[in-house]
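Working notes, beginning with the structure itself.
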Amino acid sequence: MKISILGSGAVGQTLGKSLSDSGHEVVIGTRTPASLDEKRGYAASLKDWLASLTRRASVATFAESAAHGEVVINATSGRGSIEALNHAGAMNLDGKILIDVSNPLDFSKGMPPSLTICNTDSLGELIQRSVPGAKVVKTLNTVTAELMVAPHKVAQGNHGLFVCGNDESARKQVAVWLNEWFGWKPEQIVDLGDITAARGTEMYLPLWVRLYGQLGTSMFGISIVR
């Protein structure tokens, strides 16, 4: 499958490597596609990332990546998501499932971060309004990058994961992909309904940050006990 990943940091590289190694045609979209030697935050440079793959992937502009993808994954930082999607272009997103993994975290005043938007709105909703022709599905934003792929292999426990979006068929398709692409079991995936549920999953992040500080590790998740 042709997959676009917007964002070249830890999340984009983690998801991109898993998808590329599985045989998908992955194109990473970034603001600086020519700067392959540039370190990407906590992640490796794209030159090193490309060298780590067992199959070939490509790096391009946001627009080129989005045009390539049959499905698009937004793995940009929350503060840069709307700008990245504007660069990607509505015509390259219309009719496609847009998997949104971003969070509206504001680190401008240091740690712990605050939220740029919450309670009566969410970044997921803002993204859906910004690209009304896309089918936005929010997911994977409640776990660290290392747990997004095959969580049972790197951490104990029955991790829960959430999906939400206005298009029910898109939510169901993303749940299937979460299982097939990233190893999440169907019983681990909780469908929260329409995109307004992104308010809840995004507002979990301040608690996640505090837990990270207290536990001294990011390798934890949510377990739904009934």
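The rows are residues; the columns are (1) surrounded by fewer than 20 Cβ atoms within 10 Å (Cβ to Cβ); (2) touching a Pro at 6+ places or on another chain (Cβ under 7 Å); (3) under 23 Å from GLU202 (Cβ atoms); (4) at pLDDT below 95.
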position	(1), (2), (3), (4)
GLU25	yes, no, no, no
ALA44	yes, no, no, yes
ASN119	yes, no, yes, yes
PRO132	yes, no, yes, no
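Only helices (runs of 4 or more DSSP H) wholly contained in the range 92-181 count here; list those with 2 or more residues that are out of contact with any Ser or Thr (no Cβ under 8 Å at 6 or more places or on another chain).
Ranges flagged: 123-130, 151-154.
Need pairs with beta-carbon distance below 7 Å; first residue touching a residue at least 60 places away in the same chain (Cβ under 8 Å) and within the range 124-135, second part of a loop (DSSP other than H, G, I, E, B) and polar (S, T, N, Q); sequence gap 6+ or separate chains. Once the first residue is touching a residue at least 60 places away in the same chain (Cβ under 8 Å) and sits in the range 124-135, its partners that are part of a loop (DSSP other than H, G, I, E, B) and polar (S, T, N, Q) give GLN128/ASN166. Being more than 19 Å from PRO104 (Cα to Cα), among the aliphatic types (A, V, I, L, M) and in contact (Cβ under 8 Å) with a residue 60 or more places away in the chain narrows it down to one of VAL176, VAL209, VAL149, so name that one. That would be VAL149, the only listed residue that is more than 19 Å from PRO104 (Cα to Cα), among the aliphatic types (A, V, I, L, M) and in contact (Cβ under 8 Å) with a residue 60 or more places away in the chain. Being under 21 Å from ASN86 (Cα atoms), in contact with a helix residue (DSSP H, G or I) (Cβ under 7 Å, 6 or more places away or on another chain) and either of a type in the set (D, E, K, R) or surrounded by fewer than 20 Cβ atoms within 10 Å (Cβ to Cβ) (or both), is that true of even one residue in the range 2-19? Yes, some residue in the range 2-19 is under 21 Å from ASN86 (Cα atoms), in contact with a helix residue (DSSP H, G or I) (Cβ under 7 Å, 6 or more places away or on another chain) and either of a type in the set (D, E, K, R) or surrounded by fewer than 20 Cβ atoms within 10 Å (Cβ to Cβ) (or both).
The number of residues in the range 71-90 that are under 19 Å from ASP167 (Cα atoms) and surrounded by fewer than 17 Cβ atoms within 10 Å (Cβ to Cβ) comes to 1.
The values are calculated or read from the model by the stated rules, or taken from the named source; none is laboratory data. In this text the structure is predicted, and so the values were computed from the model without any measurement. Counting neighbours? That spans all protein chains shown, and the Cβs are built from the backbone with ideal geometry, glycine included.
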